[in-house]
Amino acid sequence: MVAKEAGYISHPLIKENLVLRRAYQEKIFINCLKHNCLVVIPTGLGKTVIALMLAVQKLSENPNSKVIFLAPTKPLVEQHYNSFVDLTTIPIENLKSITGTTAPEKRKEIWKEIKVAFMTPQVLQNDIISQLYPIDDVRLIIFDECHRATGDYAYGFIAQKYIESVRNAQILGLTASPGSTEEKISEIKNNLYIDHIEIRTETDIDVKPYIHQVDNEWIKIKLPLEFIEINQILKEKLKAIYNWLKEIELLGTSDINKVTRKALLSLNRIINNKISSSLNENEKFQLFKAKKLVSNAIRLSHMGELIETQGINALSDYIHKNQEKIKKNTANKSLKELFSDGDFKRLINLSDSTKANGIVHPKLEKLKSLLHTQIIQNAESRILVFCHFRDSVNNIVKYLKSDEVIKVHRFVGQQSKSSDKGLTQKEQIQLLEDFKEGIYNTLIGTSVAEEGLDIAECDLVVFYDVVPSAIRSIQRRGRTGRRKEGKVYILMAEGTRDEGYYWGEKRKEKNMKDSLKRIKDKEDPTKKGQANLLDFIKKEKKNESKSKPNVLSIDKEQINEAESLTIICDHRETASPVVRNLSIIGVKLKLEQLEIGDYIISDRVGIERKSAQDFNDSIKDGRLFKELFDLKNNFERAILILEGDPFLNSNLKENALYGAITSIILNLGINLYKTKDPDESAEFLYNLAKKENSISKGEPKLRFDKKPIEISHLLEYIVAGIPGINALRAKNLLKELKTLQEIFNADIGDLLKIENIGKKIAQEIYKISRYKYKEDS
């Protein structure tokens with residue numbers, strides 16, 4: 001790849017005079033040729049061009065090779081695909097955007113002809129796990145928005161499998177905001193096997209000429225008196241809770257400005273541990289009271305944030321959702337106690353009257369004014385408004401629709417919740433096209449709109465609220481000023497957590513810049529004492545790869561044994577490290593949409609895996625026993641893996657949890673195996689499959705020819721659906737009264753004669769059996 005003339009690239013795979021080569025891009029590109037490179041570069045400065053240059057170079061060196069370009073969202077994947085279509089001469093049939101909606105067999109066929117694959121990490125991860133196609137001919141994987149390569153995100157797993165599988169593997173990571181600490185940046189380096197970092201900042205001499213001016217203005221908003229009054233009730237309730245928690249030495253301060261939500265969540269874990277270890281009943285009683293109060297403190301803190309930063313509609317929606325839980329008897333005791341409190345009832349009345357009087361958050365009025373003025377001054381303007389809460393996005397869109405100048409639409413993620421339907425990735429892509437074309441001039445988006453989207457026309461970004469994250473703040477601001485000057489407005493409710501978040505984010509952003517400068521100095525070979533730094537990093541990387549986090553310790557013999565094993569997994573399990581760990585061991589995995597169970601070891605062995613949280617949730621929503629009943633009915637050996645401690649951070653009573661566990665073992669006859677974490681779950685599944693493989697040879701088959709359901713079991717299941725009735729009480733009722741008809745026709749006196757049926761449960765059965773169904777209730 002050579003410079004044809006100043007400013008342009010000459011290469012047979014790049015279209016004539018289309019790719020501008022700036023000096024810093026050339027320097028970065030040259031270093032990326034020699035290393036697994038992490039490129040940190042401000043948004044709008046052509047990181048895609050660097051990736052494109054490296055990709056075509058790799059394809060030129062190895063004509064039979066492939067390149068994979070990963071991005072976290074489908075709209076971003078499409079954006080990169082279109083860049084390659086527009087800027088390269090690679091035949092379009094060799095460039096493919098591969099998504100989860102493409103059937104696996106079709107993906108397998110596409111892979112044969114492809115040169116550059118554009119994918120989300122979830123799709124590639126699943127294909128690697130199921131060994132759908134080999135990746136040994138891939139010469140480069142590009143990880144866009146690689147600040148995500150932390151924790152259990154798929155990027156780390158993909159990088160590890162790639163490095164282990166391919167001899168001449170090369171990795172390129174791209175981001176504008178890697179993290180606010182050197183530790184966070186090091187985690188990304190380790191997870192992506194990076195041995196060199198290229199850093200450019202807005203103040204670098206070779207970058208400065210290409211930076212477009214972006215004016216940042218923060219606008220302080222005063223809260224109305226009604227909001228302040230509501231917030232005062234919340235603060236008083238919080239203060240009372242914090243005083244009590246301080247008295248019993250669970251909190252070091254009762255200052256509501258110093259106790260964070262994070263501190264409350266941490267305290268909740270501490271209380272759970274104390275409950276588990278306490279043998280004193282009085283102490284336990286006090287700890288359970290503390291647990292309820294902490295739960296309510298978290299709720300009150302959240303409501304404070306809603307009224308301060310979002311407005312009365314957001315608070316009212318939250319209150320209404322919780323009232324529905326109480327009405328449907330799905331609320332826990334702490335929530336019921338909070339909503340029955342006299343002061344809180346006064347807060348609800350104030351909230352209702354404030355909403356009825358049409359008092360909205362002043363942010364809404366200011367936002368409407370800013371947008372209207374912007375569009376009147378420039379009819380071609382494109383505006384992105386960011387909001388943390390999806391409910392608020394809907395409220396903002398509703399409010400702005402009264403202004404005919406503002407052509408507004410919401411831009412949210414795929415997840416749907418009850419009546420709040422998400423946007424499919426196809427809808428997101430079409431919406432961005434409509435935005436570019438001017439069908440809409442304003443998008444109100446959640447975090448899904450923050451990352452990477454290159455909307456050249458966007459000249460105004462508005463933060464409806466402030467996020468205490470340097471990464472997210474940089475990503476938000478980066479949506480404007482990409483190819484021309486831009487403007488950013490930050491709306492800040494005066495004297496609220498908006499201000500705290502703002503200064504917290506600024507501090508983190510400064511830390512990020514300081515960390516990058518220190519790393520940049522270390523990477524500079526001209527700095528004293530750094531002559532052999534790259535050799536050191538390579539050695540360090542090699543050592544670190546031996547002890548990668550969240551990966552099982554395995555040996556060659558174990559891998560050889562694992563390769564002869566096959567486990568069928570539910571495709572939704574790929575969100576857990578369990579499946580990734582099994583893949584790393586070498587187990588052959590088949591991903592399917594399982595109707596029953598999460599893992600199938602053989603025709604006779606089926607496994608359901610529940611994390612501690614999911615175990616609790618599935619008891620509350622009634623899923624648990626139905627799922628396990630189906631498992632037992634379809635497999636000779638039905639096993640439940642319970643991962644983690646269900647008694648920690650649980651809103652259920654200890655007796656209820658023990659009742660569920662004992663019913664699973666004694667009544668359903670299901671084997672329950674407890675593991676401490678996903679690593680241990682994977683180890684257990686591997687050993688289970690190894691043992692079963694020695695007994696029943698051959699791959700497991702998917703077959704759910706359901707056995708006829710025993711009517712007696714079905715009756716137990718129906719009766720156990722009544723609030724307060726567990727499997728044991730259901731058996732007792734049926735044993736004495738024989739039929740559902742007799743149970744539901746029984747009076748309270750007859751019900752009280754049944755073992756383990758007290759007055760409260762008898763009244764509940766009597767009431768429910770005579771309750772008239774109301775469709776709209």
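Rg/Rh for the range 584-665 to two decimals, with Rh computed the Kirkwood way over all alpha-carbon pairs.
Working: Rg = 13.7 Å, Rh = 13.7 Å.
So for the range 584-665, dividing Rg by the Kirkwood Rh gives 1.00.
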Residues in the range 44-70 near a label at Arg167, defined as backbone nitrogen under 13 Å from the 7 Å Cα→Cβ point?
none
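How large is the accessible surface per residue of the range 37-120, computed with a 1.4 Å probe and reported in Å² as a whole number? Kindly include the intermediate steps, with their values, before the conclusion.
Working: 2880 Å² over 84 residues.
The answer is 34 Å² per residue.
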Let me cross-check His361: its accessible surface, 1.4 Å probe, with only protein heavy atoms counted, in Å² to the nearest 10?
0 Å²
Expressed in Å to one decimal, the Kirkwood Rh of the range 256-316 from all distinct alpha-carbon pairs is 12.9 Å
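Can you run the Rg to Rh ratio on the range 41-90? Use alpha carbon positions and the Kirkwood inverse-distance Rh. Can you show the working numbers first?
On the way: Rg = 11.4 Å, Rh = 11.8 Å.
Across the range 41-90, the Cα-based Rg/Rh ratio is 0.97.
Taking only the C-alpha atoms, wrap a convex hull around the range 371-435 and report its volume per residue in Å³ as a whole number. Please report the intermediate quantities before stating the final value.
Numbers: hull volume 5.8 nm³, N = 65.
Enclosed volume per residue, from the Cα hull, is 90 Å³.
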If you wrap a convex hull around the alpha carbons of the range 297-395, what volume per residue comes out, as a whole number of Å³?
110 Å³
Taking a Cβ-Cβ separation under 4.7 Å as the criterion for a possible partner, which cysteines of the chain have none?
Cys146, Cys387, Cys458, Cys569
Reference-scaled alpha-carbon Rg (2.2 N^0.38 Å with N residues) for the range 133-261:
1.74
Hull-based mean projected area of the range 309-348, where the convex hull spans the alpha carbons, in square nanometres:
3.0 nm²
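For a 21 Å ceiling on Cα separation, which of these pairs sit above it: Lys292/Lys676; Lys47/Lys74; Lys333/Lys632? Provide the component values of the computation, followed by the final result.
On the way: Lys292/Lys676 26 Å; Lys47/Lys74 18 Å; Lys333/Lys632 32 Å.
Cα-Cα > 21 Å for Lys292/Lys676; Lys333/Lys632; rest within.
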At q = 0.22, 0.24, 0.25 Å⁻¹, work out log10 I(q)/I(0) for the range 338-407 with the Debye formula, treating every Cα as an identical point scatterer and leaving solvent out; two decimals please.
-1.01, -1.12, -1.16
Could you pull out the longest piece of the chain with no exposed loop chymotrypsin sites (Phe, Trp or Tyr not before Pro) in it, calling a site exposed if DSSP puts it outside H, G, I, E, B and it has at most 12 other Cβ atoms within 10 Å?
1-770
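Quick one: of the DSSP bridges fully inside the chain, what percent are antiparallel, nearest 5?
Values: 10 of 77 bridges.
The antiparallel proportion sits near 15 percent.
Could I get the Rg over Rh figure for the range 279-351? Both from C-alpha atoms, Rh via Kirkwood, rounded to two places. Intermediate values should be presented prior to the final figure.
Numbers: Rg = 14.0 Å, Rh = 13.3 Å.
Using Cα coordinates only, the ratio equals 1.05.
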Once every Cα of the chain carries one equal point scatterer and solvent is ignored, give the base-10 log of I(q)/I(0) from the Debye formula at q = 0.08, 0.09, 0.10, 0.11 Å⁻¹, two decimals.
-0.84, -1.06, -1.28, -1.46
Report, ordered by chain and residue number, the aspartates and glutamates lying within cross-link reach of Lys345, taken as a straight Cα distance under 17 Å and ignoring same-chain residues fewer than 8 apart.
Glu226, Glu229, Glu236, Asp317, Glu324, Glu337
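Leaving out ligands, DNA and RNA, and with a 1.4 Å probe, what % of the accessible surface on the range 93-174 is carbon or sulfur?
Working: 1350 of 3030 Å².
That share works out to 45 percent.
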Set of aspartates and glutamates with alpha-carbon distance to Lys610 below 12 Å, sequence-local pairs under 8 removed
Glu573, Asp598, Glu627, Glu643, Asp645, Asp677
Can you compute log10 of I(q)/I(0) for the range 108-172 with the Debye formula, treating each Cα as one identical point scatterer, at q = 0.27 Å⁻¹?
-1.52
Could I have the simple spin-label model distance between Glu324 and Leu672, label points 7 Å from Cα toward Cβ, reported in nm to one decimal?
3.2 nm
Top positive-direction residue, dipole computed over the chain with Cβ charges, set Asn273, Val385, His571
Asn273
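Quick one: of Lys235/Lys363; Lys184/Lys325; Lys66/Lys513, which pairs are farther than 31 Å apart, Cα to Cα? Before the final figure, lay out each step's value.
Details: Lys235/Lys363 22 Å; Lys184/Lys325 39 Å; Lys66/Lys513 35 Å.
Those over the limit are Lys184/Lys325; Lys66/Lys513.
When the accessible area of the range 597-662 is computed with all protein chains present and a 1.4 Å probe, what percentage of it is carbon and sulfur? Numbers along the way, then the final one.
On the way: 1210 of 2510 Å².
For the range 597-662, the apolar C and S fraction of the accessible surface comes to 48 percent.
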Which order do Ile228, Ile129 take by accessible area at a 1.4 Å probe, largest first?
Ile228, Ile129
Tell me the angle of helix 623-634 to the major Cα principal axis of the chain, expressed in degrees between 0 and 90 and rounded to the nearest ten.
90 degrees
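Give me the accessible area per residue for the range 241-302, probe 1.4 Å, as a whole number in Å². Mind showing how you got there, number by number?
Details: 3530 Å² over 62 residues.
Per-residue value: 57 Å².
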For Asn349, project a label point 7 Å along Cα to C-beta. Then give me every residue of the range 222-248 with its amide nitrogen under 20 Å of that point.
225-238
Share of accessible surface on carbon and sulfur in the range 276-346, whole %, 1.4 Å probe and ligands ignored, is 51 percent
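Out of the range 726-763, which GluC sites (Glu not before Pro) are coil in DSSP terms and have no more than 12 other C-beta atoms within 10 Å? Display every interim value, and only then the final one.
On the way: sites: Glu736, Glu742, Glu755; in loops: Glu755.
Answer in residue order: Glu755.
Classify the range 185-321 as rounded, prolate or oblate from the Cα gyration tensor: take a ≥ b ≥ c as the square roots of its eigenvalues, call it rounded if a/c is under 1.5, otherwise prolate when a/b beats b/c and oblate if not. If you can, show how the numbers build up before the last one.
Numbers: a/c = 3.18, a/b = 1.47, b/c = 2.16.
Since a/c reaches 1.5 but b/c is at least a/b, the shape of the range 185-321 is classed as oblate.
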Loop sites in the range 116-180: trypsin sites (Lys or Arg not before Pro), DSSP, at most 13 other Cβ within 10 Å:
Arg167
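The values are calculated or read from the model by the stated rules, or taken from the named source; none is laboratory data. What you are looking at is a predicted structure, and each value in this text was computed from that prediction instead of being measured. Cβ atoms come from the backbone with ideal geometry, glycine included; neighbour counts cover every protein chain shown. Quick note on the areas: whole protein, heavy atoms, side chains included, nothing else; ligands and nucleic acids left out. Shrake-Rupley method; radii C 1.70, N 1.55, O 1.52, S 1.80 Å.
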